[in-house]
Amino acid sequence: MNTECSICHCETCELTDIRGQLYCDECAEIAEGEGYMYLASPYSHPEAEVRRRRFDAVCKAAAKLMLAGRVVFCPIAHSHPIHTHGVDAIDHDFWLRQDKPFLDNAECVGVLMLRGWDTSVGVIHEIGEAVDAGKQVIYYTPSDFDIEEM
Ligand SMILES: [Zn+2]
(Lines give C-alpha, C1' and ligand atoms only; values in the text may rest on other atoms or scores of the structure.)
Protein backbone atom coordinates (compact mmCIF):
# COMPACT_ATOMS: atom_id res chain seq x y z
CA MET A 1 0.00 0.00 0.00
CA ASN A 2 1.25 3.42 -0.94
CA THR A 3 2.00 5.50 2.15
CA GLU A 4 3.37 8.63 0.58
CA CYS A 5 1.74 11.77 -0.67
CA SER A 6 1.36 11.93 -4.47
CA ILE A 7 2.48 15.55 -4.59
CA CYS A 8 5.16 16.19 -1.96
CA HIS A 9 6.17 12.55 -1.32
CA CYS A 10 6.04 13.05 2.43
CA GLU A 11 5.23 9.89 4.38
CA THR A 12 2.32 10.07 6.78
CA CYS A 13 -0.41 7.68 7.85
CA GLU A 14 -2.99 10.48 7.43
CA LEU A 15 -3.45 10.32 3.66
CA THR A 16 -6.65 11.36 1.91
CA ASP A 17 -7.84 9.65 -1.27
CA ILE A 18 -8.91 12.10 -3.99
CA ARG A 19 -9.77 10.69 -7.41
CA GLY A 20 -7.70 7.60 -6.66
CA GLN A 21 -4.55 9.44 -5.55
CA LEU A 22 -3.34 9.79 -1.95
CA TYR A 23 -2.42 13.16 -0.45
CA CYS A 24 -1.20 14.55 2.87
CA ASP A 25 -3.44 17.18 4.49
CA GLU A 26 -1.55 20.12 3.02
CA CYS A 27 -1.52 18.70 -0.51
CA ALA A 28 -5.12 17.44 -0.29
CA GLU A 29 -6.18 21.08 -0.20
CA ILE A 30 -4.14 21.68 -3.34
CA ALA A 31 -5.47 18.56 -5.09
CA GLU A 32 -9.05 19.56 -4.38
CA GLY A 33 -8.54 23.20 -5.28
CA GLU A 34 -8.74 25.05 -8.55
CA GLY A 35 -5.17 26.29 -8.35
CA TYR A 36 -2.01 25.17 -10.07
CA MET A 37 1.59 24.52 -9.20
CA TYR A 38 4.20 26.75 -10.83
CA LEU A 39 7.04 24.32 -11.51
CA ALA A 40 10.37 26.16 -11.42
CA SER A 41 13.68 24.77 -12.67
CA PRO A 42 17.07 26.08 -13.79
CA TYR A 43 17.35 26.77 -17.52
CA SER A 44 19.82 29.47 -18.56
CA HIS A 45 23.15 28.10 -19.68
CA PRO A 46 25.53 29.19 -22.46
CA GLU A 47 25.30 25.74 -24.09
CA ALA A 48 22.13 25.07 -26.06
CA GLU A 49 22.45 21.33 -25.42
CA VAL A 50 22.35 21.88 -21.65
CA ARG A 51 19.25 24.07 -22.04
CA ARG A 52 17.57 21.38 -24.13
CA ARG A 53 18.33 18.69 -21.53
CA ARG A 54 16.96 20.90 -18.75
CA PHE A 55 13.81 21.46 -20.81
CA ASP A 56 13.36 17.69 -21.35
CA ALA A 57 13.90 17.00 -17.66
CA VAL A 58 11.32 19.49 -16.42
CA CYS A 59 8.78 18.29 -19.02
CA LYS A 60 9.19 14.77 -17.64
CA ALA A 61 8.66 16.05 -14.10
CA ALA A 62 5.59 18.06 -15.17
CA ALA A 63 4.11 15.02 -16.91
CA LYS A 64 4.50 12.88 -13.80
CA LEU A 65 3.00 15.57 -11.55
CA MET A 66 0.04 15.94 -13.92
CA LEU A 67 -0.46 12.17 -13.96
CA ALA A 68 -0.39 12.29 -10.15
CA GLY A 69 -3.42 14.58 -10.30
CA ARG A 70 -1.71 17.93 -10.01
CA VAL A 71 -2.49 20.92 -12.24
CA VAL A 72 0.88 22.28 -13.35
CA PHE A 73 2.22 25.30 -15.20
CA CYS A 74 5.84 24.94 -16.13
CA PRO A 75 7.45 28.14 -17.45
CA ILE A 76 10.41 26.38 -19.08
CA ALA A 77 8.15 23.92 -20.92
CA HIS A 78 6.33 26.98 -22.23
CA SER A 79 9.25 29.27 -23.06
CA HIS A 80 11.90 26.88 -24.43
CA PRO A 81 10.02 26.20 -27.71
CA ILE A 82 9.17 29.90 -27.98
CA HIS A 83 12.72 31.18 -27.67
CA THR A 84 13.71 29.31 -30.84
CA HIS A 85 11.59 31.90 -32.72
CA GLY A 86 13.89 34.83 -32.23
CA VAL A 87 13.55 35.47 -28.49
CA ASP A 88 16.71 35.59 -26.40
CA ALA A 89 16.64 32.51 -24.15
CA ILE A 90 18.80 34.11 -21.48
CA ASP A 91 17.28 37.62 -21.28
CA HIS A 92 16.34 37.45 -17.62
CA ASP A 93 14.23 40.64 -17.46
CA PHE A 94 12.27 39.61 -20.53
CA TRP A 95 11.29 36.23 -19.04
CA LEU A 96 10.71 37.73 -15.60
CA ARG A 97 7.94 39.84 -17.10
CA GLN A 98 6.53 36.92 -19.08
CA ASP A 99 6.45 34.60 -16.08
CA LYS A 100 5.34 37.04 -13.37
CA PRO A 101 1.55 36.77 -13.73
CA PHE A 102 1.75 32.97 -13.77
CA LEU A 103 3.93 32.97 -10.68
CA ASP A 104 1.71 35.50 -8.88
CA ASN A 105 -1.41 33.44 -9.52
CA ALA A 106 0.05 30.05 -8.67
CA GLU A 107 -1.23 28.26 -5.61
CA CYS A 108 2.17 26.81 -4.78
CA VAL A 109 5.64 26.58 -6.28
CA GLY A 110 7.48 23.36 -7.07
CA VAL A 111 11.24 23.43 -7.54
CA LEU A 112 12.91 20.77 -9.66
CA MET A 113 16.42 20.67 -8.21
CA LEU A 114 18.36 19.99 -11.39
CA ARG A 115 22.07 20.73 -11.12
CA GLY A 116 22.50 24.49 -10.82
CA TRP A 117 19.08 25.16 -9.31
CA ASP A 118 20.55 26.84 -6.23
CA THR A 119 22.56 29.33 -8.27
CA SER A 120 19.86 30.00 -10.88
CA VAL A 121 18.85 33.69 -10.77
CA GLY A 122 15.38 32.76 -12.00
CA VAL A 123 14.76 29.94 -9.54
CA ILE A 124 16.06 31.97 -6.57
CA HIS A 125 13.73 34.80 -7.60
CA GLU A 126 10.77 32.43 -7.95
CA ILE A 127 11.36 30.87 -4.51
CA GLY A 128 11.71 34.33 -2.96
CA GLU A 129 8.43 35.52 -4.48
CA ALA A 130 6.64 32.37 -3.30
CA VAL A 131 7.97 32.67 0.26
CA ASP A 132 7.09 36.38 0.40
CA ALA A 133 3.54 35.55 -0.70
CA GLY A 134 3.24 32.78 1.90
CA LYS A 135 2.97 30.04 -0.72
CA GLN A 136 4.02 26.47 -0.12
CA VAL A 137 7.33 25.62 -1.83
CA ILE A 138 7.86 21.94 -2.60
CA TYR A 139 11.35 20.72 -3.49
CA TYR A 140 11.81 17.77 -5.82
CA THR A 141 14.99 15.90 -6.61
CA PRO A 142 15.46 14.66 -10.18
CA SER A 143 15.29 11.09 -8.84
CA ASP A 144 11.72 11.76 -7.65
CA PHE A 145 10.83 11.59 -11.35
CA ASP A 146 13.42 9.02 -12.46
CA ILE A 147 15.37 11.80 -14.18
CA GLU A 148 19.02 10.98 -14.74
CA GLU A 149 21.22 14.03 -14.98
CA MET A 150 24.12 13.85 -17.40
ZN1 LIG B 1 1.87 16.25 0.42
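Summary of values
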read-out	value
Residue in the range 92-123 that is surrounded by the fewest Cβ atoms within 10 Å (Cβ to Cβ), counting only those that are touching a strand residue (DSSP E or B) at 6+ places or on another chain (Cβ under 7 Å) and among the aromatic types (Phe, Trp, Tyr)	102
Meets criteria (in contact with a Lys or Arg (Cβ under 6 Å, 6 or more places away or on another chain) and in the same structural domain as residue 123 (by TED's automatic domain parsing)) for residue 38	no
Hey, residue 54 surrounded by 18 or more Cβ atoms within 10 Å (Cβ to Cβ) and either modelled with pLDDT under 90 or touching a Cys at 6+ places or on another chain (Cβ under 7 Å) (or both) or not	no
Residues located in the range 1-19, provided they are free of Cβ contacts under 8 Å to residues at least 12 places away in the same chain and either in a loop (DSSP other than H, G, I, E, B) or within 9 Å of the ligand (Cβ to nearest atom) (or both)	1, 13, 14
Condition met for residue 89 (among the small types (Gly, Ala, Ser) and at pLDDT 95 or above)	no
Residue satisfying all of: in the range 20-34; surrounded by 15 or more Cβ atoms within 10 Å (Cβ to Cβ) and not in a helix (DSSP H, G or I); nearest to the ligand (Cβ to nearest atom) among these	24
Test: residue in the range 47-57 that is within 15 Å of the ligand (Cβ to nearest atom) and in a helix (DSSP H, G or I)	no
Of all residues making up the range 35-46, the number that are under 18 Å from the mean Cα position of the chain (by Cα), away from the ligand (no atom under 16 Å from the Cβ) and either part of a helix (DSSP H, G or I) or closer than 14 Å to residue 117 by Cβ (or both)	5
Checking residue 80 against (1) within 16 Å of the ligand (Cβ to nearest atom); (2) surrounded by 14 or more Cβ atoms within 10 Å (Cβ to Cβ); (3) closer than 24 Å to residue 147 by Cα, the condition it does not meet	(1)
Test: residue 68 is within 14 Å of the chain's Cα centre (by Cα), modelled with pLDDT under 95 and closer than 22 Å to residue 32 by Cα	yes
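The values are calculated or read from the model by the stated rules, or taken from the named source; none is laboratory data. All figures in this text were calculated on a predicted structure; none of them were measured in a lab. Because the Cβ atoms are built from the backbone with ideal geometry, glycine has one as well, and the counts that use them run over all protein chains shown.
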